[in-house]
Amino acid sequence: MNTQDLKALIRNVPNFPKPGIVYRDITTLLQSPQGFEAVIHTFVERYQQKNIQIDAVAGIESRGFIYASVCAYALHLPLILIRKKGKLPALTLSHDYELEYGENTLEMHTDALSKGAGILLMDDLLATGGTALAACKLIEKAQGHVVEIATMIELKFLRGRERLAPIPVFSQIVYEEE
């Protein structure tokens, strides 16, 4: 499947979650076995062939878990869950960050990664880059480093990639404008 075929599987929901926003709903792509398989195949093939040391795959709650878990399995790597505050049962590291409408906190278990570990960070969508940047800071607190950020969708017009530089970003589907 090419990018246009994948884009056709994504439902556009106007005025959600607020007026003027077009929400890119991935649930319709996930309902297509061929579409989901194509997305996973692209990620797995990229990271099997890419000449970078990846020690673990981290997924950002909640839709990042979908891609990170399948890719970690296929790449035979550990999976790290980066969750919202209060969702993990053991000792955690946390990182507070600001959103357009307030604050949030991400957490990860203190024993989730080894010192110096190279992490592939995955999420479903890159918009402003705020959540991904917070996850990167959290991984740095744990003495790891993000080798690349992988997303299925990137809203390029919101300039999240620029905010995350110099960390490389790979996105399968890029929307140039709203």
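Here, each number is a calculation from the coordinates, and none is a lab measurement. Not measured: the values here are computed from a predicted model. Cβ atoms come from the backbone with ideal geometry, glycine included; neighbour counts cover every protein chain shown.
The local environment of residue 41, defined by Cβ-Cβ distances under 15 Å, has a net charge of -1 under the rule Lys, Arg +1 and Asp, Glu -1.
Checking every one of the GluC sites (Glu not before Pro) in the range 45-124 against DSSP loop status and a limit of 13 other Cβ atoms within 10 Å picks out 100. Residue 157 label point, 7 Å along Cα→Cβ, cut-off 16 Å on backbone N: hits in the range 1-27? Residues passing the 16 Å test: 12-25. Using Cα springs under 10 Å in a Gaussian network model of the chain, which residue among 36, 16, 65 shows the largest mean-square fluctuation? The residue with the greatest mean-square fluctuation here is 16.
Its residue count N sets the reference 2.2 N^0.38 Å, and the alpha-carbon radius of gyration of the chain equals 1.00 times that reference.
How do 95, 145, 41 line up, fewest other C-beta atoms within 10 Å first?
Neighbour counts put them in this order, fewest first: 41, 145, 95.
By the helix-only formula, in which each DSSP H run with n ≥ 4 contributes -39500 (n - 2.57) and the sum is divided by residues, the chain has a 222 nm mean residue ellipticity of -9000 deg cm²/dmol. For 73, 101, the sequence from fewest to most other C-beta atoms within 10 Å is 101, 73. Considering only 51, 134, 26, and ranking their Cα positions along the charge dipole of the range 20-174 that arises from unit charges at the beta-carbon of Lys, Arg, Asp and Glu, the one farthest toward the positive end is 51.
For the pair the range 129-149 and the range 1-71, the centres of their Cα atoms are 19 angstrom apart.
Under a Gaussian network description of the chain, with springs only between Cα atoms under 10 Å, the residue in 120, 99, 79 that fluctuates furthest is 99.
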